[in-house]
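Worksheet: one structure, shown below.
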Amino acid sequence: MSAVTGPIAAEAAGLDSLHRLEHEVTVLIRRTVESVWAGGYGTHEAVDRYTYPVLAALDEHGEQSLTVLTGRLGVSKPTASRQVSRLSRAGLVEVRPDERDSRSVVITLTAEGLAQREVVRGARLGPLHSVLEGWPKADREALGALLARFNADLDEFRERSGH
């Protein structure tokens, strides 16, 4: 007797929701990165899909050490350092020695960095508004809450598993 594969096997194994989630997350990433937000990073040469999360993290959480920022971004320290250096050279962030630890630096968002963050946020909100304008407010809020929970759980998983 051959093994059953595909959606029927997934449903029989109780994995149908995980398969659907894997598919939907894949589609979401592809659509947002490649089409909806691909060109929404403004005209500043230092702001792109790799450096924008740095601006967003500094805006949302205030000044922070490179180590904390690295954890928030989920990237390696050399990667975060390159992104911060690029933004610093452009005047969008300020990097200064940490007064508590001479081996560490503290990164702060500049006024120009905040302005660029707002340009990108505005460019991203337009398509998002268009896609969700027909959704009831409760559905938008539920989606936001579920995505926040999902992201928090992903962060926890990353910490536990060393990713």
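Helix-only mean residue ellipticity at 222 nm, the chain, DSSP H runs n ≥ 4 weighted -39,500 (n - 2.57), per residue, nearest 500. What is it?
Mean residue ellipticity at 222 nm (helix-derived): -20000 deg cm²/dmol.
Ranked by the mean number of other Cβ atoms within 10 Å per residue, highest first, peptides 56-63, 24-31 order as 56-63, 24-31. The modelled label-to-label distance for the pair LYS77/ASP101, using points 7 Å beyond Cα in the direction of Cβ, is 0.8 nm. What's the extension gain from HIS61 to VAL25 if we count 0.36 nm per residue and subtract their Cα-Cα distance? Gain on stretching HIS61 to VAL25: 10.4 nm.
The trypsin sites (Lys or Arg not before Pro) of the range 35-138 that meet both conditions, a loop assignment by DSSP and at most 14 other Cβ atoms within 10 Å of the site Cβ, are ARG49, ARG100, ARG103. Working from Cα pairs under 8 Å separated by at least six residues, relative contact order for the chain is 20 percent.
Shown here are the Rg and Dmax of the Cα trace of the range 111-163, at 15.3, 40 Å.
Values in this text are rule-based calculations from the coordinates and carry no lab data. Since the structure is predicted, the reported quantities are computational estimates derived from the model, not experimental observations. Neighbour counts are summed over all protein chains in view; Cβ atoms, including those assigned to glycine, are modelled from backbone coordinates with ideal geometry.
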